[in-house]
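Inspection log for the structure reproduced underneath, given as structure tokens.
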Amino acid sequence: MRLETGVAPVGDSIEVIDPATEQVITRLPSAGPEDADRAVARAKASFKTWRDVAAGDRATLLRRVGAAVEAHATDLARLESRNAGKPIGDALGEIGMVAATFAYYAGAPERLTGKTIPVPGGVNMTFKEPMGVVALITPWNFPLAIASWGVAPALAAGNTVVLKPAQLTPLTALELERTALEAGLPEGVFNVVAGQGSVVGERLVDHPDVAKITFTGSTAVGKRISARAARTVKRVTLELGGKSANIVFADADLERAAAAAPSAVFGNAGQDCCARSRILVERSVMDDFLDLLSTGVASMRVGDPMDETTEMGPLITAEHRSKVASFLDDDTTVVARGTAPEGPGFWFAPTVVTPNSPGARAVAEEIFGPIACVLPFDGEDEAISIANDTIYGLSGSIWTENGARALRVARALEAGTLSVNSNWSVRIATPYGGFKQSGTGRALGPDALDYYTELKNVYIAT
Ligand code: NAP
Ligand code: MG
């Protein structure tokens with residue numbers, strides 16, 4: 001039986017599908033709980049030696065992994081593009097980011113220092129100790145990039161890693177495991193287990209020898225993992241959903257804001273947790289903005305991910321496409337629509353809607369597909385209040401030529417990762433993560449290391 005999700009239970013195997021053609025790319029054995037246990041045992045055994053590898057040597061190995069990823073970048077990008085349906089140009093950018101993330105965190109082992117704090121009768125010293133075995137559970141939208149955001153800092157801090165990629169897109173993670181071994185990373189330090197989330201994922205969350213879980217995915221699964229992890233008081237970092245606002249004030253450079261808006265919501269076919277899927281436009285410029293946006297949406301190139309000129313590929317599965325389509329209901333009016341190929345492939349044209357009622361699902365819920373919802377506002381206070389009227393708080397943008405207003409609004413928004421006169425959220429050197437139900441903890445930048453270390457305090461009586 002072929003499931004609508006694209007993952008078929010062919011015995012104990014995972015059927016990996018190309019979402020642009022609906023063809024099977026390959027079948028893999030699906031890991032079970034005993035495979036998860038074996039991976040944790042390997043990671044636990046290798047932790048004893050990895051944590052004591054001299055910081056400079058750990059740095060060298062991470063640099064080598066980054067260089068090996070770069071050397072295989074074209075193949076890795078093709079594989080990612082084919083499996084996730086993403087444009088090849090985007091895939092190359094993501095694989096470049098994977099290599100750069102290893103290079104960035106290669107700078108960390110030699111800079112992980114503590115503090116010396118004089119106290120009455122002695123001195124305290126603090127140490128950032130590795131935690132042990134870190135388990136990463138990752139999604140299908142940016143498969144290898146998001147994996148690297150966890151693998152690189154976790155290894156840099158002296159932990160060992162078990163990674164469970166999404167069943168829909170496990171291929172580049174498995175390649176990374178091979179590449180890292182080739183680059184000289186000791187056996188058992190980084191382990192990939194491809195299997196079902198409710199089986200392998202939950203096993204890792206429950207496992208007494210796993211010290212920390214980093215989960216990237218839906219808010220629903222994140223809550224479940226958080227509750228389960230509490231049973232063993234595991235450390236948890238959660239990168240979850242979003243419903244980010246792209247706020248365009250009347251004093252903004254309207255052409256720039258409109259030109260940047262489509263890629264901020266239709267990039268990766270909208271399957272992006274920091275998609276600016278609510279576009280808030282000051283009422284006086286609404287008509288002009290919609291004209292510009294509609295022109296941009298109509299000219300988007302949607303099609304073959306392997307074509308270098310393609311801007312948007314298909315959605316990940318037929319089931320996901322049905323979910324996305326369900327947002328075009330009686331509560332919304334379509335105001336602009338691009339084009340998409342006929343099947344096969346899970347295509348969906350980029351679409352702009354306005355809500356007919358305040359209760360429209362497209363306003364409140366994360367769509368995770370190429371639908372932008374445009375809303376008018378009157379004045380700064382209303383913009384802030386609409387933007388914050390969500391359970392999420394991942395990212396957002398502010399477009400204005402008034403610098404004081406930009407900072408005022410940025411401070412008032414309940415979101416972790418904001419940009420002014422840009423929709424760019426993710427940079428390797430800066431922290432990324434959410435407020436409210438978008439998650440807890442931060443990825444990337446120097447701060448991510450705090451989430452892969454335990455702070456130890458030693459008092460010495462003098
Ligand atoms: P998902 O269903 O939550 O799955 C994410 C990962 O969790 C997959 O590897 C999945 O395994 C696994 N999983 C599922 N159920 C599990 C369970 N009970 N215990 C442990 N692991 C479990 O999310 P998705 O559908 O892949 O991705 C879409 C969602 O992720 C969106 O809501 C999006 O906003 C969010 N997301 C957030 C970020 C961020 O950085 N904030 C980034 C990307 C995506 P299998 O699917 O393989 O079974
Ligand atoms: Mg899922």
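The values are calculated or read from the model by the stated rules, or taken from the named source; none is laboratory data. Predicted, not measured: the structure shown is a model, and the values here were computed from it. FYI the Cβ positions are ideal-geometry reconstructions off the backbone, even for glycines, and counts take in every protein chain you see. Each accessible area value is taken on the protein alone, full model and side chains, heavy atoms only, with ligands, DNA and RNA left out. Shrake-Rupley method; radii C 1.70, N 1.55, O 1.52, S 1.80 Å.
The figures follow:
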item: Exclusive hit being within 25 Å of residue 258 (Cα to Cα), outside any strand (DSSP E or B) and among the aromatic types (Phe, Trp, Tyr), set 327, 346; result: 327
item: Entirely in region 372-462, the strands (runs of 3 or more DSSP E) that have 1 or more residues that are in contact (Cβ under 8 Å) with a residue 40 or more places away in the chain and exposed (fewer than 15 other Cβ atoms within 10 Å of the Cβ); result: 453-461
item: Residue list for region 120-140, restricted to those being within 16 Å of ligand 1 (Cβ to nearest atom), touching a helix residue (DSSP H, G or I) at 6+ places or on another chain (Cβ under 6 Å) and either of a type in the set (D, E, K, R) or assigned to a loop (DSSP other than H, G, I, E, B) (or both); result: 138
item: Unique residue being assigned by TED's automatic domain parsing to the domain that holds residue 76, hydrophobic (A, V, I, L, M, F, W, C) and under 20 Å from residue 101 (Cα atoms) when the list is 220, 157, 211; result: 157
item: Evaluation of residue 240 against (1) out of contact with any helix residue (DSSP H, G or I) (no Cβ under 6 Å at 6 or more places or on another chain); (2) open to solvent by less than 20 Å² (accessible area, probe 1.4 Å) (one fails), failing number; result: (1)
item: Matching entry among 174, 185 (being within 15 Å of ligand 1 (Cβ to nearest atom) and of a type outside the set (Gly, Ala, Ser)); result: 174
item: Condition met for residue 255 (out of contact with any strand residue (DSSP E or B) (no Cβ under 8 Å at 6 or more places or on another chain) and touching a residue at least 40 places away in the same chain (Cβ under 8 Å)); result: no
item: Residue match in region 175-186 (condition: in contact with a Lys or Arg (Cβ under 6 Å, 6 or more places away or on another chain) and farther than 19 Å from residue 235 by Cα); result: yes
item: Pair list, Cβ under 9 Å, 6 or more apart: region 346-369 residue in the same structural domain as residue 319 (by TED's automatic domain parsing), other residue surrounded by fewer than 20 Cβ atoms within 10 Å (Cβ to Cβ) and among the basic types (Lys, Arg); result: 349/337; 350/337; 351/337; 352/337; 367/323; 367/361; 368/323; 369/323
item: Test set (1) surrounded by fewer than 17 Cβ atoms within 10 Å (Cβ to Cβ); (2) more than 12 Å from ligand 1 (Cβ to nearest atom); (3) touching a residue at least 24 places away in the same chain (Cβ under 8 Å) - residue 248 fails condition number; result: (1)
item: Among (1) in contact with a strand residue (DSSP E or B) (Cβ under 9 Å, 6 or more places away or on another chain); (2) away from ligand 1 (no atom under 15 Å from the Cβ); (3) open to solvent by less than 10 Å² (accessible area, probe 1.4 Å) - the single one residue 153 does not satisfy; result: (2)
item: Enumeration of residues in region 200-243 that are of a type in the set (A, V, I, L, M), away from ligand 2 (no atom under 13 Å from the Cβ) and more than 17 Å from residue 393 (Cβ to Cβ); result: 200, 204, 205, 210, 211, 213, 227, 229, 230, 233, 236
item: Some residue of region 309-324 being aliphatic (A, V, I, L, M), open to solvent by 20 Å² or more (accessible area, probe 1.4 Å) and touching a Phe, Trp or Tyr at 6+ places or on another chain (Cβ under 9 Å); result: no
item: Residue in region 99-121 that is surrounded by fewer than 19 Cβ atoms within 10 Å (Cβ to Cβ), on the phi > 0 side of the Ramachandran plot and of a type outside the set (Lys, Arg) present; result: yes
item: Residues within region 191-236 that are among the small types (Gly, Ala, Ser) and within 9 Å of ligand 1 (Cβ to nearest atom), tallied; result: 9
item: Test: residue in region 270-290 that is away from ligand 2 (no atom under 16 Å from the Cβ), polar (S, T, N, Q), out of contact with any Phe, Trp or Tyr (no Cβ under 6 Å at 6 or more places or on another chain) and open to solvent by 50 Å² or more (accessible area, probe 1.4 Å); result: yes
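Conditions (1) within 20 Å of residue 140 (Cβ to Cβ); (2) touching a Pro at 6+ places or on another chain (Cβ under 9 Å); (3) among the small types (Gly, Ala, Ser), marked per residue:
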residue: 281; (1), (2), (3): no, yes, no
residue: 291; (1), (2), (3): no, no, no
residue: 296; (1), (2), (3): no, yes, yes
residue: 313; (1), (2), (3): yes, yes, yes
residue: 328; (1), (2), (3): no, no, no
residue: 338; (1), (2), (3): no, yes, yes
residue: 354; (1), (2), (3): no, yes, no
